[in-house]
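S.K.: Handing you this structure, nothing more for now.
Taken together, the values in this text are just the output of simple stated rules run on the coordinates, not laboratory data. None of these values were measured; they are calculated from a predicted model. We place every Cβ from the backbone using ideal geometry, glycine too, and count neighbours over all the protein chains shown.
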């Protein structure tokens, strides 16, 4: 079944069966944002991926229903609630949103502390990545992807940046080694090590603490921030394929190879589109080794810029989908207002937005 037919069939079922049922059960008619929320929740079905340990407790006081809380966090991203308190107040004051998320009455809505505990459990279980991977596999696993656009975006954190500990470098002996003298070999570069590592192994080696990053904006001016970087792989339709969170100070090129391998394990694609920050021989070679065609803007490195061939320049224009997706994630889905601390929780907050972006964009692409 083709992607459009599959999604259209699901949305037709929602409109013909679920919406009339909700109109009978809900006290007020559904608004357009609420209808969109219902579509996204039905497409994502996050409740199927909530860990059993997070939804059941056999001893002591029973834990509140975690499936409904997971749906509520998706609603927080879609309906643009900045804080958990705002989300909880909306659940208490808006019967439609409350019942869509799975809470029958006001008394079922838990306290803020329960929301926080559930969020911590989701972050520990990496629920966001599990749900996103399932969406990519179900809807894009059998599709052919033309271009994969790779880019990063600054994520401002609400925590102090970690202090950098600089280890003193051992003094190197100048000149040629004497006859019979053995000098220790130079440490291998991260990009060279990543060529032989599995994707998850290379990702685990990347720094994830909050620190200070600096990046040039579209106008060429340098901007600095405390926090993290979110690295995304986006297809031509604006659907996020892979997401990785790293420290803000990490250079974009250090994430390219594990991202390539991670995305290649999910979908089949032809072209890798990257800006000049990714211009490194190891990245070119890895892309070709995976059977892709790399189109990377050349970094002049103080010399003359090497222009792209005309046909490459046309394909490179498709990379704007990554920039638009980053903009949507920040402006519409909560990536600009991170209120939690620690890389695991920050990633969980961002992944709720990535999941909502995938579902919303898929509905737009298929015309549902």
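S.K.: How far is helix 32-44 tilted off the main Cα axis of the chain, in degrees rounded to 10, range 0 to 90?
M.R.: It works out to around 60 degrees.
S.K.: Does anyone have the angle between helix 343-365 and the longest principal axis of the chain? Alpha-carbon axes, 0 to 90°, nearest 10?
M.R.: Tilt of helix 343-365: around 70 degrees.
S.K.: Right, next: When a/c is below 1.5 the answer is rounded, else prolate if a/b is larger than b/c, else oblate, so apply that to region 308-368 with a ≥ b ≥ c taken from the square roots of the Cα gyration tensor eigenvalues.
M.R.: Here region 308-368 falls in the oblate category.
S.K.: Is region 103-181 rounded, prolate or oblate when judged by the Cα gyration tensor, a ≥ b ≥ c being the square roots of its eigenvalues, rounded requiring a/c under 1.5 and prolate requiring a/b larger than b/c?
M.R.: oblate
S.K.: If you don't mind, there's one more thing I want to ask. Based on the Cβ-Cβ distance of residue 218 and residue 105, what FRET efficiency does E = 1/(1 + (r/R0)^6) give at R0 = 51 Å, to the nearest 0.05?
M.R.: Details: r = 49 Å, r/R0 = 0.96.
Once the sixth-power term is evaluated, E becomes 0.55.
S.K.: Here's something else I'd like to know. Give the peptides 211-222, 333-344, 299-310, 145-156 in descending order of average Cβ contacts within 10 Å, highest first.
M.R.: Taking the mean over residues of other Cβ atoms within 10 Å, the ranking is 145-156, 333-344, 211-222, 299-310.
S.K.: Quick check on the exposure proxy: order 350, 232 from fewest to most C-beta atoms within 10 angstrom.
M.R.: In increasing order of surrounding Cβ atoms, one gets 232, 350.
S.K.: Could you check the spin-label model distance between residue 24 and residue 176? Points 7 Å from the Cα along Cα→Cβ, value in nm.
M.R.: Modelled inter-label distance: 9.2 nm.
S.K.: Can you tell me the Rg and Dmax of region 3-125, counting just the alpha carbons, in angstroms?
M.R.: Rg, Dmax (Cα atoms, Å): 15.0, 47.
S.K.: When the helices in the chain are scored as -39500 (n - 2.57) per DSSP H run of 4 or longer and the sum is shared across all residues, what 222 nm value do you end up with, to the nearest 500 deg cm²/dmol? Write down the numbers at each step before the final one.
M.R.: Numbers: 16 runs with 169 residues, N = 368.
Value at 222 nm, helices only: -13500 deg cm²/dmol.
S.K.: Give the angle, between 0 and 90 degrees and rounded to the nearest 10, that separates the Cα long axis of helix 112-125 from the longest principal axis of the Cα atoms of the chain.
M.R.: 50 degrees
S.K.: Let me ask something additional. Write down Rg/Rh for region 267-309, rounded to two decimals, with Rg from the C-alpha atoms and Rh from the Kirkwood relation over Cα pairs.
M.R.: Result for region 267-309 is an Rg/Rh of 1.01.
S.K.: In nm², what is the average projected area of the convex hull enclosing the Cα atoms of the chain? Display every interim value, and only then the final one.
M.R.: Details: hull surface 96.9 nm².
Average of the hull's projected areas for the chain equals 24.2 nm².
S.K.: Also, quick follow-up: Please arrange 31, 321 by counting, for each residue, the other beta carbons lying within 10 Å of its beta carbon, fewest first.
M.R.: By the 10 Å Cβ count, ascending: 31, 321.
S.K.: Hey, another quick one. I need the P(r) histogram for region 226-368: all alpha carbon pairs, bin width 5 Å from 0 out to the longest distance, whole percents.
M.R.: 2, 9, 17, 21, 20, 15, 10, 5, 1, 0
S.K.: Need the C-alpha centroid separation for region 212-227 versus region 98-123, integer Å.
M.R.: Spelled out, the Cα-based centre of one part sits 37 Å from the other.
S.K.: Also, quick follow-up: Quick check on the exposure proxy: order 242, 86, 17, 287 from fewest to most C-beta atoms within 10 angstrom.
M.R.: Exposure proxy ranking, most exposed first: 17, 86, 287, 242.
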